[in-house]
Amino acid sequence: MNRSQQFRLTLMLAVPAILAQVSSVLMQYIDFAMVGRLGANPAASIGLVSTCTWLFTGFALAVVTGFSVQVAHACGAKDFDRARLLLRQGLFSITMFSILLGLVGVLISGPLPGWLGGDEVLKQDASVYFRIYAGFLPIGMVGWGASAMLQSSGNMKVPSILYIGMCALDVVFNYIFIYLLDMGVAGAAWGSGIAEAVTSIVAVWYACTRSPELRQKGVKGPFVPQASIRRQALSVTGPLWLQNVVMRGAYVASTLIVAPLGPVSIAANAFAITAESFCYMPGYGLEEASTTLVGQSLGAGRRDLARRFAWTTIGMAMIMMSLLAVAMYAFAPQMIGVMSTDTEVVALGARVLRIEAFAEAFYAASIVGFGVCAGAGQTMIPTILNLGTMWIVRIGLALILTPRYGLTGYWIAMCVELSLRGILFLIYVRTGHWLKKWTPAPATLGENC
C-alpha cells in the first residue's frame with residue numbers, strides 16, 4: 001500500500017470511530033448540561049465520583065481489549081473461525097467480570113463519596129449516582145465488548161451508528177427522568193443506563209447474527225476461554241489492569257487533591273474535563289483505528305505496514321487535536337457555559353481549559369501511541385511510561401501547585417505531564433521495540449481449557 005492508500009484506509013476506519021467517541025463524549029456532556037441546570041452542587045456530586053466511574057470502566061474495558069486485539073489478529077490472518085470463537089468467549093468473560101465489578105460498585109457506593117473527601121451536601125446524590133452506574137455496568141460493558149470486536153473485524157460503521165443513536169436515547173431518557181419525574185442526579189444515571197442497555201442489546205445482536213466475520217451460527221466451542229486464548233487475553237489485559245490502577249488511580253488521587261477546594265472547583269474541574277473530551281475524541285478514534293490496523297497488519301505478517309500505519313495514525317491525531325485545541329482555547333467560556341449557568345464555575349472552567357490546550361498535540365501522540373502498542377499486543381512498556389508520568393510528574397506537581405494556585409495549579413501540572421508523556425511515546429514508537437516483541441497467536445482451536 002502506498003501512503004495515499006494508507007491514509008484513505010486509516011480515515012475510513014477512523015471517522016466512524018471518531019463519531020463513536022463523539023457519542024461517548026456527548027453522553028457526558030448531556031448529563032452535565034441537564035444536571036448543571038439544577039445548580040453547582042448536583043453537578044459537583046457527579047463530578048466527585050466521575051473518576052471512580054472511569055476506574056471501574058477501565059477495568060472492564062481492559063478485558064474487552066484482551067479479546068478485541070485477538071479478533072484483529074485473527075481477522076488479519078483471515079482466520080474467521082478463531083474470530084467467532086473469540087467473540088463467544090470474550091462476551092462470556094466480559095459478562096462474568098462486569099457482574100463481579102458491578103456488585104463491588106454497588107457495595108461501596110454508600111461510603112465512596114466520603115472516602116473521596118466530598119462535602120456533606122454532595123454525598124447523597126453522589127452515592128446514588130454511582131450505585132445506579134454500577135448496576136448498569138455489566139450490560140453496558142457487554143455492548144462495548146461487542147462493538148470493540150466488530151471494530152477489530154474492520155466494521156467501524158455499525159458501532160458508530162449505534163453509539164450516536166445512544167446519545168439521542170440519552171437525551172430522551174434524561175429528560176424523562178431528570179425533569180418529568182423530577183429525579184435530579186439519580187435521573188441522569190437512570191437515563192444514561194437505560195440508553196446504554198438498549199444500545200448494548202442491539203450491538204450484541206448484530207455481532208452474533210449479522211456480522212459476516214463474527215456471527216455465531218454454526219459455531220461450536222466452549223464459552224469459557226480456552227488456554228491459548230486465555231493466555232493471550234491476559235497478556236494484554238494484565239498490563240491494562242495495571243495501567244488502569246496507575247492512570248485511573250491517579251485520577252482518583254487528583255479528586256482527593258481537588259475536593260478540598262469546594263463545590264465550585266469540583267464542578268469546574270468536571271466540566272472542563274468533559275469539554276476537553278471534544279478535543280481529544282479524534283485521538284481516541286484514531287487509537288481504535290490504529291489498534292485494528294496494526295493488529296491486522298501483524299496478523300497478516302506485515303511488520304512494515306504496521307510501522308507505517310503507526311506513524312500515519314499518530315500524525316493524523318496530532319494534527320487534528322492541534323486544530324481542535326485552537327478552537328477550544330478560543331471558545332472555552334462557551335463550552336463550559338453550555339453545562340453551567342454559574343458564573344464562577346464558567347470562569348474557572350474556561351481558565352483551566354485554556355491551559356490544557358497547549359498539551360493537546362503531545363496528548364494525541366500518547367493516546368494513539370498506546371493504541372499502536374496494544375495492536376501489537378505490547379502494553380507493559382506503555383503502562384510503565386504512563387505510571388511514571390502520572391504519579392511522579394502530574395501528582396507530584398499537583399501536590400505542590402494546587403495548594404498555592406488552586407484548580408489552576410492542578411491543570412498546569414496536568415499540562416506539563418501530558419506533554420512529557422507524548423514525547424516519551426513518540427520516542428518509544430520510533431525505537432520499534434513494540435514490533436520486535438510481537439509473535440503470532442497459536443492457530444489451533446482444539447486446546448482444552
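Computed from the coordinates by the stated procedures, all read-outs in this text should not be read as laboratory data. For clarity, every value in this text was computed on a predicted model and none was experimentally measured. No Cβ is skipped: glycine too gets one built from the backbone with ideal geometry, and neighbour counts run over all protein chains shown.
Numerical summary
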item: Residue-span extension gain [Trp115 to Phe331] - 0.36 nm each, minus C-alpha spacing; result: 74.3 nm
item: Whole-Å distance, taken between Cα centres, linking the range 224-269 and the range 181-222; result: 23 Å
item: Per residue convex hull volume, Cα atoms of the chain, in Å³; result: 119 Å³
item: The range 3-153, relative contact order in percent, only Cα pairs under 8 angstrom and at least six apart counted; result: 31 percent
item: Among Gly165, Gly299, Gly432: highest mean-square fluctuation, GNM of the chain, C-alpha pairs under 10 Å; result: Gly432
item: Longest segment of the chain lacking trypsin sites (Lys or Arg not before Pro) that sit in a DSSP loop with at most 16 other Cβ atoms within 10 Å; result: 303-436
item: Candidate aspartates and glutamates for bridging to Lys217, where Cα separation is under 17 Å - those fewer than 8 sequence places away on the same chain excluded; result: Asp79, Asp81
item: Table column - 3J(HN,Hα) (Hz), the range 128-133, Karplus curve with 6.51, -1.76, 1.60, x for Gly and Pro; result: 5, 4, 5, 5, 5, 4
item: Potential lengthening between Ile164 and Leu38 on full extension [0.36 nm per residue; Cα-Cα distance subtracted]; result: 42.8 nm
item: Amide H partners (placed H, <5 Å) of Thr379, local residues excluded; result: none
item: Whole-number percent relative contact order across the range 238-374, with pairs defined as alpha carbons under 8 Å at least 6 apart; result: 34 percent
item: Point-to-point label distance, Lys220-His433, nm (Cα→Cβ direction, 7 Å offset); result: 4.6 nm
item: Whole-Hz ³J(HN,Hα) from phi, Karplus 6.51 cos²θ - 1.76 cosθ + 1.60, for the range 417-430, glycine and proline x; result: 5, 5, 5, 5, 4, x, 4, 5, 5, 4, 5, 5, 4, 5
item: ³J(HN,Hα), Karplus 6.51/-1.76/1.60, whole Hz, each residue of the range 171-185, x for Gly, Pro; result: 4, 5, 5, 4, 4, 5, 7, 6, 9, 5, 8, 6, 9, x, 4
item: The chain - mean residue ellipticity at 222 nm from DSSP helices (-39,500 (n - 2.57) per run, n ≥ 4, rounded to 500); result: -28000 deg cm²/dmol
item: Farthest positive-ward along the range 181-284 dipole, Cα basis, beta-carbon charges - from Gln232, Ser192, Ser277; result: Gln232
item: C-alpha center-to-center spacing [the range 386-436, the range 152-177] in angstrom; result: 32 Å
item: Among Thr341, Thr379, Thr209, residue whose mean-square fluctuation peaks in a GNM of the chain (springs only between Cα atoms under 10 Å); result: Thr209
item: The chain: relative contact order as a whole-number percent, Cα under 8 Å and 6+ apart; result: 23 percent
item: Residue among Leu298, Leu103, Leu353 with the largest mean-square fluctuation in a Gaussian network model of the chain, springs linking Cα atoms under 10 Å; result: Leu103
item: Fraction of the pair-distance distribution of the range 333-373 above 16 Å, Cα-Cα pairs, percent; result: 49 percent
item: Computed lengthening from Val245 to Leu399, 0.36 nm per intervening residue step minus Cα-Cα distance; result: 53.5 nm
item: Cα-centre dipole for the chain with unit charges at Cβ (Lys and Arg positive, Asp and Glu negative), debye to 20; result: 1660 debye
